[in-house]
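Reading through the structure tokens given below for one structure.
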Amino acid sequence: MARATTEPAWKRSFLAAALTTLALALTGTATAAADPAGAAAAPPAHAVTGYWQNFDNGATVQKLSDVPADYDIIAVAFADATATPGAVDFTLDSAGLGGYTEDAFKADIKAKQAAGKSVVISIGGQNGTVSINDANSATNFANSVYSLMQEYGFNGVDIDLENGLNSTYMSQALKSLSAKAGSDFVLTMAPQTIDMQSTSGEYFKTALAVKDILTVVNMQYYNSGSMLGCDGKVYSQGSVDFLTALACIQLEGGLDPSQVGLGVPASTSAAGSGYVSPSVVNAALDCLTKGTNCGSFKPSRTYPGLRGAMTWSTNWDATSGSAWISAVGPHVHGL
């Protein structure tokens, strides 16, 4: 009998399945290589953000590997402006960080991502002067941040500009960057309290304009004077009411609860004013999400999807024995 010229059905099915698996594997590899923001899982529904200092200012010097596991989003502070309008760059302060090398830093980023964490590059800070005020500088910003994401493996960017911004061009820059980075792009913001008092402010307008790609706004509830709450009353920093009544403005002003976090100092040394104990942070989280442990201000409704909390910084927290993250981290994750 002549040998059959076709393979048995079971063998054809086996070969087809193997080829499909191989094709998917190759496609996945190519996608991961092309998407620098694809190395980590999305931040959890309730997340803790911590700023990591790329400098020594008296707080505990850390490597990224030293940052406790309860921090879900680590913002590397900071990228610096260059001579090109809108562009930024980042240089690891190896000397100031005890000889921490770039290779070790990049490896630590990958290790954090492998553990499900996100690592973003923060732009600005108290002394940062990055200006995006026209289409050219917006393009330069997007291209330069994307280049840093490719070089270091950052998952995204944190906007911590404390000297004003232009909502039109900052929004343009962030949308362009998101398009380059892909769907796993992580975008965080850390405005000052004055920046989020009204939806007509440039920072608030920016947050709303990029709402479709925005991960979380962690407003800085410190180094601030008294501010209005969403009930029109004036509240002083350092209280649970200051946290809840000001968060209410963002929650009722158009941001999703998952895009709102409470930004506080890790210790009295971390900020000039506005420190509250971790128990006050946890009370504010309970008030906003469950309607319990409120002060004199109680929101008209609860926001169970509130994202969580942020602190400046993981280094100052370490200086205090990691007291902040030990108390606030489990509470956030238990919401």
_Filter result for VAL120 (surrounded by 21 or more Cβ atoms within 10 Å (Cβ to Cβ) and of a type in the set (A, V, I, L, M))_ = yes
_Checking the conditions here, which among TYR275, TYR203, TYR235 is touching a Gly at 6+ places or on another chain (Cβ under 8 Å), open to solvent by less than 30 Å² (accessible area, probe 1.4 Å) and modelled with pLDDT of 95 or more?_
TYR235
_Inter-residue pairs, beta-carbon under 7 Å, first over 24 Å from VAL119 (Cα atoms) and in the stretch 183-210, second small (Gly, Ala, Ser), 6+ apart_ = THR193/SER224; ASP195/GLY201; THR199/GLY253; THR199/GLY254; GLU202/GLY164; GLU202/SER167; LYS205/SER167
_Matching helices (runs of 4 or more DSSP H) fully within the stretch 125-225 where at least 1 residues are out of contact with any strand residue (DSSP E or B) (no Cβ under 7 Å at 6 or more places or on another chain), over 21 Å from LEU251 (Cβ atoms) and of a type in the set (A, V, I, L, M)_ = 135-152, 167-181
_Filter the stretch 247-266 down to the residues that are buried (at least 20 other Cβ atoms within 10 Å of the Cβ) and either closer than 15 Å to MET310 by Cα or β-branched (Val, Ile, Thr) (or both) and list them by number._
ALA247, ILE249, GLN259, VAL260, GLY261, LEU262, GLY263, VAL264, PRO265, ALA266
*Of all residues making up the stretch 271-323, the number that are outside any helix (DSSP H, G or I) and either within 14 Å of LEU251 (Cβ to Cβ) or in contact (Cβ under 8 Å) with a residue 12 or more places away in the chain (or both)*: 30
_Given (1) open to solvent by 10 Å² or more (accessible area, probe 1.4 Å); (2) of a type in the set (Phe, Trp, Tyr); (3) under 24 Å from PHE204 (Cα atoms), number of the condition TRP316 does not satisfy_ = (3)
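The values are calculated or read from the model by the stated rules, or taken from the named source; none is laboratory data. What you see is a predicted model; the values in this text were computed from it and never measured. We place every Cβ from the backbone using ideal geometry, glycine too, and count neighbours over all the protein chains shown. Only protein heavy atoms, including side chains, enter the accessible area calculation; ligands, DNA and RNA are left aside. Shrake-Rupley method; radii C 1.70, N 1.55, O 1.52, S 1.80 Å.
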